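Below: one structure, written as structure tokens.
The values are calculated or read from the model by the stated rules, or taken from the named source; none is laboratory data. All figures in this text were calculated on a predicted structure; none of them were measured in a lab. All Cβ positions, glycine included, derive from the backbone under ideal geometry; neighbour counts span all protein chains shown. Calculation scope for accessible area: heavy atoms of the full protein, side chains included, ligands and nucleic acids excluded. Shrake-Rupley method; radii C 1.70, N 1.55, O 1.52, S 1.80 Å.
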Amino acid sequence: RHALVTRQRNRRNAARTHAITTHRAHIMSAWRRACQRAYSAHSATTSTSTTATVAQLDALLKRCELGAPRAPSRIAVGLSGGVDSAVAAWALKQLGHDVTGVLMRNWDGFDERDDDCGYVDDRKSARETANAIGIALDEVDFSRTYWHEVFEPFVGAFASGATPNPDLECNRRVKFGALLRHARERLGAEYLATGHYARIRRSGNHNSMVELLRGVDITKDQSYFLASVTGEALSSACFPLGEALKSDIRDAARALNFTAAERRSSAGICFIGRRPFGEFIGEYVESKAGEFVDVETMRVVPGAEAHRGLASYTVGQRAKIGGAAKPWFVVGKNTASNVVYVASGPEHEALFSTSAIVTEPFWVAGEPPAGVAKLRAKTRYAAQLTPVTLTAHRDGYNGASIGKNDTHTQSMSSEFVPSAFSTAYDSRADASGAPPTLLVTFASPERAVTPGQAVVFYAPDDDVCLGGGIIHSTSRTLFEERRGSQ
């Protein structure tokens, strides 16, 4: 009887495997014919030498398949109107999934002067993409959610003298918060896909724990911006472009004659639009003119015009001081005195710190990695990965130190001395009475460590993104250390 049951089970599994294989083969055959038609039509109207061939499109689709669900699924794709989300939606459709596009409106630009920060053009492009692929497009307004969950904290952090990054909060609270709920509850989707260059490693079924990995194209890797998204939300996420190169994506869009192919990649903060940042933020944060102070002399920079308000400057950038005879770079800001501290030259010692206090930690797995203190980190999106050591600061994380199995992490960071050139981030943790929680020590001095920015942690020996936190304050700079020892 047992042998009979086993043979019946094997026959059912073989039949199911054959059906899936036949379905995939049918999809691939139809896709290749469609690609050939699209490529031929496109070739008749353009002579662009970088246009992808059908063989290259075939190879791209196989890479996209690595980031897609194994079984045919109902997937909502966040269509932004850009080239990345367009190709992601196309690839999922060609792989046999039931795809619906979703366009978010996150900013109400009624009172702005820049055409809703490009939303009208984004909507036009998204509609054209959905029509070209042959999928429905759902349009949803999350501007109220974005305002309360992302923009108001963003403005509050700037008012305190910090330099926040709204993209992490947008991904956590809007894309993989409000949009994911909308996709599940209103569209019946099993997954939410986006055009992010990142990967997800699954240990089991749909609802099992996942790991967030860097994208294969390291120059475009966007895991930094996804680090605050919970593992539960990422278990329903799908990143088809995680194994692909950006250059291949644009070539594919050209070959498929997508109107989004030549659109510029998004850069900067959407709601600012085309205006200078200082002009925009001045409408929400009081801009009071003040002095540029040279850290070498602690005096006003000779011949310098007044600065335009603290919110217009961030650590590490060129200060662009009117009337100054040489280039100056921002070292820090003091909200109490309304001073911008600057140093001469982009590699001045005052721009480099050896450690930072991190607050409001977030972990993909929901908790810090046990027994691990030696990690790698990025202090901003464009920064290089650098080795770091994590040490519990004061009460640690939720009352427990990081890395319970590592005796080094049990020590308290009583030797941390904050820089006099920088104002600490006014965090939610401070408001609730909870202290900052982590000390991050860099293996080598790190340039332009900025309160309000996120520091994101990665495993020491692979591409796994573990989580991160918000930089609360930085240690004394190399310049301060040298002056203090003299």
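Some points to look at:
- Backbone N within segment 142-182 under 16 Å of label point (7 Å from ASP108 Cα along the Cβ vector): 142-152
- Accessible-area value, ASP461, 1.4 Å probe, nucleic acids and ligands omitted, Å²: 130 Å²
- Pairwise label distance in nanometres, ASN338 with ALA306, each label 7 Å out on the Cα-Cβ vector: 0.7 nm
- GLU367 exposes around 120 Å² of accessible area when a 1.4 Å probe is run over every protein chain in place.
- Residue pairs exceeding 19 angstrom between C-alpha atoms, taken from LYS62/LYS246; LYS175/LYS378; LYS124/LYS220; LYS246/LYS378; LYS288/LYS333: LYS175/LYS378; LYS124/LYS220; LYS246/LYS378.
- Convex hull volume per residue, computed on the Cα atoms of segment 287-344, equals 67 Å³.
- Sequence of TYR119, TYR224 from largest to smallest accessible area, 1.4 Å probe: TYR119, TYR224
- 19 Å reach of a label modelled at GLN384, 7 Å along Cα-to-Cβ, counting backbone N of segment 456-486: 456-463, 478
- Here the calculated FRET efficiency for LYS62 and ARG186, from their Cβ-Cβ distance with R0 = 25 Å, stands at 0.20, rounded to the nearest 0.05.
- Length released on extending from ALA459 to ASN257, taking residue separation times 0.36 nm less the Cα-Cα span: 68.7 nm
- Phi-based couplings in Hz for segment 342-351 (Karplus 6.51, -1.76, 1.60; Gly and Pro marked x): 9, 9, 7, x, x, 10, 4, 4, 5, 8
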